Amino acid sequence: VIIRSVKIGTGYLTRTRYLQMVGRAGRTGLSSSGDSFLLGTHSDKTLPHLVFGAVEDVRSSLNTDSLTLTLLHLIGSGMISSMADLGMFMKRTLLDIQQPDESLNLAERALHFLEEAKFIDRTEGGIKPTSFGKAVYKSSLDPTLAHSVLSGLRVANKHLVLQGDLHLVYLCVPPDVQNVYVDWSKYFDAYNQFDEVTRLTFTAAGLEESFLARRAFSHKKSDAVAEVPYTRFYVAGALHKLLSGVPSWDVSALFKIPRGTLQTTLNSAITHASKLALFTKVSGRLAES
């Protein structure tokens with residue numbers, strides 16, 4: 001096994017992950033030992049810890065967001081249908097072992113979020129998923145993004161631009177698109193050269209020229225949440241070029257998005273598209289409720 005760097009993406013190898021990787025050295029059933037090589041430089045301060053340090057503590061991954069998603073899946077599948085079922089499940093988690101006084105409180109907070117967001121109904125008789133919650137569960141949408149996704153689909157249901165594929169591509173870009181740098185000044189310049197269909201799609205998506213202008217010429221820090229749909233449209237433009245047959249290196253140069261990020265984003269969009277298809281099939285609720 002040859003490990004060429006102590007870095008993984010923007011982070012660093014942990015001792016636990018390092019041991020898992022070097023544990024693959026040798027041939028199972030044929031060798032009693034194996035060789036591993038870790039390449040680094042004198043400036044890599046983590047090298048001694050990776051080879052000789054203590055293994056990191058194992059912590060429960062059931063934080064607030066993951067616990068919310070887990071409970072929605074369990075309720076949606078019928079494995080939890082009462083508070084007694086919930087208590088029994090929590091008692092069997094690592095979270096309860098590590099935080100016995102807090103695990104049920106965290107679960108109650110997660111249930112409160114699911115109920116407020118209309119994913120579940122709680123009555124004296126128990127807990128059950130709503131039709132909306134069932135659609136989110138079956139499509140594996142992130143519950144924290146589900147209402148945003150539904151809102152976008154409702155807008156598209158009324159104003160979908162069919163003169164091209166760009167609007168459909170925009171809908172397939174995940175709302176939580178990340179790691180994309182946007183040059184807002186060049187974005188605004190590009191907007192002024194949009195053809196009629198692209199401008200129509202931009203407007204139909206609920207986006208405004210005035211926001212782009214402010215973002216391009218203002219040096220003040222902008223609202224990150226407000227930027228999200230504009231970043232999605234920027235990414236949609238790049239993916240639309242790819243789907244139109246433009247080589248990835250040309251798209252990368254035009255939009256200043258690394259080719260690796262382009263590929264990752266394209267894969268995310270494909271996954272999100274399949275989730276949308278299943279969500280709309282199960283839910284069938286694009287009308288205002």
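Observations
- Length-normalised contact order for segment 147-213 - Cα pairs under 8 Å, 6+ apart - percent: 48
- For segment 195-265, the fraction of 1.4 Å probe accessible surface lying on carbon and sulfur atoms is 57 percent.
- Modelled FRET efficiency - R0 41 Å, Glu227 with Ser31, Cβ distances, 0.05 increments: 0.20
- Within straight-line cross-link reach of Lys118, lysines at Cα separation under 28 Å, skipping those fewer than 8 residues along the same chain: Lys91, Lys128, Lys134, Lys138, Lys158, Lys275, Lys281
- Normalised by residue number, the volume inside the convex hull of the Cα atoms of segment 64-137 is 79 Å³ per residue.
- Kirkwood Rh (inverse of mean 1/r, distinct Cα pairs), segment 240-289, angstrom: 12.7
- Ellipsoid semi-axes for the chain, based on the Cα gyration tensor and the rule √(5λ), read 38, 33, 18 Å when sorted largest first.
- If R0 is taken as 45 Å, the Cβ-Cβ distance between Ile270 and Ala54 corresponds to a FRET efficiency of 0.65.
- Structure remark: mean-square fluctuation, Gaussian network model of the chain, C-alpha springs under 10 Å; the largest value among Val55, Val251, Val197 belongs to Val55.
- Two-decimal ratio, segment 20-157, of alpha-carbon radius of gyration to 2.2 N^0.38 Å: 1.53
- Using the Karplus relation 6.51 cos²θ - 1.76 cosθ + 1.60 with θ = phi - 60°, the per-residue 3J(HN,Hα) values for segment 48-65 come to x, 5, 4, 8, 10, x, 7, 6, 5, 5, 7, 10, 4, 8, 7, 6, 4, 5 Hz, with x marking Gly and Pro.
- Set of lysines near Lys186 by C-alpha distance (under 23 Å), chain-local residues within fewer than 8 positions excluded: Lys220, Lys221, Lys241, Lys256
- For the chain: accessible area per residue (Å², 1.4 Å): 61
- Whole-number D in µm² s⁻¹ for segment 122-223, Kirkwood Cα-pair radius fed into Stokes-Einstein, 10 °C, 1.306 mPa s: 97
- Within the chain, the longest run free of GluC sites (Glu not before Pro) that sit in a DSSP loop with at most 15 other Cβ atoms within 10 Å is 125-207.
- Longest site-free stretch - the chain; sites: chymotrypsin sites (Phe, Trp or Tyr not before Pro), DSSP loop, at most 14 other Cβ within 10 Å: 1-180
- One chain, two ends: Glu115 and Lys158. Fully extended at 0.36 nm per residue, the span grows by 12.7 nm beyond their Cα-Cα distance.
- FRET efficiency for Glu124 and Lys281, using Cβ-Cβ distance with R0 set to 41 Å, rounded to 0.05: 0.80
The values are calculated or read from the model by the stated rules, or taken from the named source; none is laboratory data. Worth saying up front: this structure is predicted, and the values here are computed from it rather than measured. For neighbour counting, all protein chains shown are included, and Cβ atoms are generated from backbone atoms with ideal geometry for every residue, glycine included. Accessible surface areas use protein heavy atoms only, side chains included; no ligands, DNA or RNA. Shrake-Rupley method; radii C 1.70, N 1.55, O 1.52, S 1.80 Å.
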